[in-house]
Amino acid sequence: MSNPGEVDTTPISDRRQLIAWLEAGAKPREHWRIGTEHEKFGFYLDDLTPPPYAPGGIRAVLEGLIAQGTDGQGGWAPILDRGQPIGLRDAGGHDGASISLEPGGQLELSGGLCRDLHATAREMAQHFAEVHRAADPLGLGFAPLGFHPLATREAMPWMPKSRYAIMRRYMPRRGALGLDMMLRTCTVQVNLDYASEADMVRKLRVALALQPVATALFANSPFTEGRPNGFLSYRAHVWTDTDPDRSGMPGLFFEPDFGFERYVDWVLDVPMYFIQRGGGLVDLAGHSFREFLERGLPEQPGEQAVLGDFTDHLTTVFTDVRIKRFLEMRGADAGAPAMMLAQSALWVGLLYDDAALAAAHALVRAHPWQEFAALRPIVPRRGLAAPWAGGTVRDLAREMVAIAAQGLSARACRDENGRDESMFLAPLQEIAAGGPSPAEFWLQRAERVWHGDIARIFPEARI
């Protein structure tokens, strides 16, 4: 989740100002970029337990990353919350990337803005190397998995990030699994640009309808507390009982007149978590932003909403595709580096080439959006075997991956060996053709190799 930052104190005069702020995110094609975010669980190498913030834990990893800047290898500066480092910002050499902590200590890289997927691959390799240099001396490793395969909720640490204390109090009011989402899940997401409001809506609808297919392809969380849990993506199941006010696949997004204005009106009624004031956070959980904007709040008498409050509020919307000044695709479990790159490749291929986007749009329009939404509670358990249009979701995945490959080939972004970006789809092509998803692979390992010892997943999944 986002790091705290400086608040834009521009007063909000009316909702039109918020619509204009989103509209200003539109970019010409030559300025479109790729941003990849990925999370991973920390664990002690000797006993596989999750590390605390301190001592000898996640804070020390952050400090180790900062220290690498002294020998020219790093370039990170701390982001502080009440005097404690809870994230890192680029201080040179990371193209605007940042590092943040999820509530249970999951380490997240919010990647810089890359021109192509080859640059994304280089960024990812650099990040993993830096993490190893910081974590290895501490006896720590990191593994990207969709749900923590061993730890109970009570065994997970809490990071000292102010917004998490507010969410920790509020989440149980809205769903039974909200704290599990915070503490025991990891995801990978890709952030992509749009050229106009119409382009945003088209891309949003394609990406949102196909998120359940991505969930099935990237499913990587079949274990809970050391046992198979009956799901392929337990992380995705957790999201079905987290907070319905701000998550899922809202039908509004598929209505004919949907655009920035309708989105702003919807977001204004999503309950708030907080605002930043006086160097700290004010707990406003449950109030609507509309109430704050139009009438003020008794907890903050005389306080006017500012633009920074709205941009913070947008980070607390958790729909399967999130709208900011770009689109965030959020439906996939974290996985191996090749799968992380495949996640970005899938959506770049579908959304950044005109012919591919047209084909993907036609694929989505062939069915009512409700049929795609109906997959959302099914694919966490059944994955690519979930029924779809007389066949299975794997059939839909095969079409989706094929369109993405065409889109990436058309982009013709090549590496030094002449390979285009479609190379990054190889893991998905294998799965779509009938191979096991990551979750199915782990279940096979558990049965045939580990003899039920789920703890063996950590050394094998370690980055």
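Taking 0.36 nm per residue of sequence separation and subtracting the Cα-Cα distance, how much length would be gained by fully extending the chain between residue 29 and residue 447, in nm to one decimal?
145.7 nm
In what sequence do 399, 440 fall when counting other Cβ within 10 Å, fewest first?
With the fewest neighbours first, 399, 440 line up as 399, 440.
Calculate the dipole size of segment 70-199 relative to its Cα centre from +1 charges on Lys and Arg beta carbons and -1 charges on Asp and Glu beta carbons; express the result in debye to the nearest 20.
Dipole of segment 70-199, to the nearest 20 debye: 760 debye.
I'd like the FRET efficiency for residue 240 and residue 416, computed as 1/(1 + (r/R0)^6) with the beta carbon distance as r and R0 of 56 Å, rounded to 0.05.
About 0.80, to the nearest 0.05.
For segment 84-127 and segment 437-452, what is the separation of their C-alpha centers, rounded to whole Å?
For segment 84-127 versus segment 437-452, the Cα centre distance is 31 Å.
Return the distance in nm (one decimal) between the two label points of a simple spin-label model at residue 303 and residue 49, each offset 7 Å from Cα along Cα→Cβ.
My value for the distance between the label points is 3.9 nm.
Suppose every K and R has +1 on its Cβ and every D and E has -1 on its Cβ; what is the size of the dipole of the chain about the Cα centre, in Debye to the nearest 20?
Working: 47 positive and 58 negative charges, 132 e Å.
The calculated dipole for the chain is roughly 640 debye.
Checking understanding here: applying a Kyte-Doolittle mean of at least -0.5 and a length along the axis of at least 20 Å (C-alpha), which whole DSSP H helices in the chain pass?
Both cut-offs are met by 117-135, 197-217, 337-351, 393-411.
Given (i) 52; (ii) 43; (iii) 46, which label gives percent of Cα pairs over 29 Å apart as computed from the coordinates?
(iii)
Among 76, 266, which comes first, then next, by fewest other beta-carbon atoms within 10 Å?
The order, fewest Cβ neighbours first, is 266, 76.
Return the lysines within reach of residue 161: Cα separation strictly under 21 angstrom, same-chain partners fewer than 8 residues apart disregarded; answer none if there are no such residues.
Within the straight-line cut-off, residue 161 pairs with 40.
Among 350, 20, 10, whose Cα lies farthest out toward the positive end of the dipole of the chain, if unit charges sit on the beta carbon of Lys, Arg (+1) and Asp, Glu (-1)?
My answer, from the dipole projection, is 350.
Using C-alpha positions alone, give me the convex hull volume of segment 322-463 per residue in cubic angstrom.
152 Å³
For a protection proxy built on the mean count of beta-carbon atoms within 10 angstrom, sort 230-236, 59-65, 454-460, 44-50 highest first, please.
Output ranking for 230-236, 59-65, 454-460, 44-50: 230-236, 59-65, 454-460, 44-50.
In debye to the nearest 20, how big a dipole does segment 119-190 give about its Cα centre with +1 on each Lys and Arg Cβ and -1 on each Asp and Glu Cβ? Intermediate values should be presented prior to the final figure.
Numbers: 10 positive and 5 negative charges, 98 e Å.
Value, rounded to 20: 480 debye.
Hey, if you put +1 on the Cβ of every Lys and Arg and -1 on every Asp and Glu Cβ in segment 247-399, which of 273, 380, 311 ends up farthest toward the positive end of that dipole?
Sorting the options by dipole projection puts first 380.
In terms of Cα to Cα distance under 16 Å, which aspartates and glutamates are near enough to residue 324, apart from those fewer than 8 places away along the same chain?
The reachable aspartates and glutamates, counting only those whose Cα sits under 16 Å from residue 324, are 8, 23, 37, 193, 197, 199, 261, 265, 309, 312.
Bear in mind these aren't lab numbers, they're just calculated from the coordinates by the rules spelled out. These numbers were taken from a predicted model, which means no experiment stands behind them. Reconstructed Cβ throughout: ideal geometry from the backbone, glycine too, with neighbour counts over all protein chains shown.
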